[in-house]
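Single-structure report; data block below.
The values are calculated or read from the model by the stated rules, or taken from the named source; none is laboratory data. Please read these numbers as outputs of a predicted model, since none were measured by experiment. In case anyone asks, the SASA skips ligands and DNA or RNA and just uses the protein heavy atoms, side chains included. Shrake-Rupley method; radii C 1.70, N 1.55, O 1.52, S 1.80 Å.
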Amino acid sequence: MKLLKIGVAAITALALAGSFLLPSLASEENTSVPVNEVDQSIPAVPVITGWLPYWDDAPGTATVIANGDIISEAMPFWWSTVGNSQSVSLKIKSTGTTLAKRTRLVGQMQAAGIKVLPTITDSTCVNASTSSLPAIFASDQKRANYVSQITQLALTENYDGIDLDLECFMYESRLWSGYQANWVKFVTELGSALRAQGDLLSVTTPPIYSDTSGYWVYAWKQIGPQIDRLRIMAYDYSTGNSKWDPKAKSQGDGAIAPMDWVKRIVNYAVSVVEPGKIWLGVPAYGRNWVIAVDGVCPTQGEVPNLDRVTWTSKEVIPKLTELGVTTTVSRYHSIHKEQNLSYSRTFTGTNNSGAARTCTVTRTVWWQDARSHFDRLMVAKEAGMAGISVWRLNGEEDEMWVRTRPFAQSISEQPLTVELRPDALVKLGEPTTLSAAVRPTTAVGASRSVANVPVRLQQQNSDKSWSDIAVATTDATGNAVFTISAILSRFRVSTDLVTGTWKPATSSEVIPAIQRVIELTQISTAPTTKRGLVVGGIVAPASLDNPLELQRRVNKKWVLIGSATLQENGAFKLKWDKPPVGTHTLRIATPATPSYPALIFKLGKIMVK
């Protein structure tokens, strides 16, 4: 942000009668957001943050929540520092931003998993030539009081942290040498106080190019370890004249943030601050300058507006179209990575005396669109930065979210399913294999190789904890095989986080498929209806909770005729009382359990006399 806030001033689109909404008139009810056709259920890395201006915070909040998969933080632009060199206090920027409203918006975003770090600015220079904050920073007592106010605000209003945007003293370069050390003290003490209560400190500053160039008073190298976020206002390279000046050789028009300039800022920032803390600021706006006036412009009739005009990114094309300008002639600057366009309009009317007057006004427009923002995101991520911060949210083109989401998903760890299967039945103690299968669950994951994923085989301990007993890597199809001795124990496989590729995953528990054996020790040799039939034996391995059944084949169905519970050594005795005379087909059966498969032992045909 700059002290001249984008969209604050009332502006008129050249000579048209239509005007823009002033901040105080912006409707809170218009909170609709674009429908994004990209699947938002696919995990994505949050690569966007941004500021929510007080005049558009409710619609902006709706946009943030709708895109919560790729934006994890927002900075409502709510608070100012006011006062003088003796004492400062925090003041809400707009009386319309009531406590009830703040509580509602903060609650909505936090419920959606979005951290809220409202911005505090410096307004002490508004009615004075210099900022009062350097004097506050220089006094231990005054500095401590300011720190206390900020930490109390974060605590009282349930914020996740605070974003500082203290710009007034950036204009006092002749005094920076005396300011810097105290600024660092202030940031250090505030960061410590906020973290002590579980809050974050974000600092927003204009750009620095080296230790001694740019706005070096903000001391990135010194404050880097003391802060949680650094947000760089890498824009407003060209601000130019706010009004047409016929005497000026140049009106100061140009790219809002030329890419070479942005890269210079990025290169220095990542050399002195941990890159993962840094968010590269991008402008969601453009500027329209008068660069030439031919003739004498009328003061009555068609009267041109010769002021510089500022539009949000999403307004640029509609506003130009409204003016009758063909936007298809705009070009994306190959070096600066911004859109620009020039056009002329002729105005006819009279002067105040009624004499005819005609002039042709030529204007040039520079703005950043979704492509500009994405190109800067690529620069930030290639440098290891966290992502981009947008001034201001809800000023961006809808396409920014659509263009960014597939990339954010592509660099995110995607979920896996892991399945563990025991192989064919084996006897207790014999070698057996457990097969693991690793598979992606999203379309993004399906485009990635599942080869060489480390898989850990784990065995459950007696206290229900798990221990790693073997490690393998998947083959080209995502499979891995473990060979173990068949024992009565629970096993599972787990995969660890693969940074930038896969989320961790764990399979269901399995027990090796152990084949049980029945050895008969007794069977009636000449069963009769009077004596009945007795069958005894031993089952190995034993399962005390798995009763045996003696079954008879009747009309193509197996019917229960007797049952028995195994003893601890696996011994059993089954008895069929008063069997009818005849030949009967019998078997011993037991259903499957979590530990064993079903067991069938055929006794064959038994004759009863």
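Brief remarks follow.
- Antiparallel DSSP beta bridges within the chain, as percent of all bridges there, nearest 5: 75
- Alpha carbon centroid spacing (whole Å) that separates the range 414-470 from the range 44-100: 47
- Estimated vicinal HN-Hα couplings, Hz - the range 434-448 in sequence order (Karplus 6.51, -1.76, 1.60; Gly, Pro = x): 10, 9, 9, 10, 9, 9, x, 10, 10, 5, 5, x, 5, 7, 9
- Globularity ratio of the chain, using Cα Rg and 2.2 N^0.38 Å: 1.49
- Computed over the range 396-451, the ratio Rg/Rh where both radii use C-alpha atoms and Rh is Kirkwood: 1.34
- Looking at the chain, the accessible area is 44 square angstrom per residue; that uses a 1.4 Å probe and ignores ligands, DNA and RNA.
- Of the cross-linked pairs LYS575/LYS602; LYS263/LYS337; LYS249/LYS337, those separated by over 19 Å at the C-alpha level are LYS249/LYS337.
- Taking amide hydrogens as placed 1.01 Å from N in the peptide plane, the amide H of GLY536 sits under 5 Å from those of THR521, GLN522, ILE523, LEU574, each at least 5 positions away in sequence or on another chain.
- Nonlocal amide H pairs with VAL608, under 5 Å, H built at 1.01 Å: GLY582, THR583, HIS584
- Cα gyration tensor of the range 25-154 - equivalent ellipsoid semi-axes, whole Å, descending: 33, 16, 12
- Carbon/sulfur fraction of accessible area - the range 339-497, other protein chains in place, 1.4 Å, %: 49
- Cα centroid of the range 116-147 to Cα centroid of the range 507-529, whole Å: 84
- Carbon/sulfur fraction of accessible area - the range 47-138, other protein chains in place, 1.4 Å, %: 52
- Of the accessible area of the range 227-301, computed with a 1.4 Å probe over protein heavy atoms only, carbon and sulfur atoms account for 46 percent.
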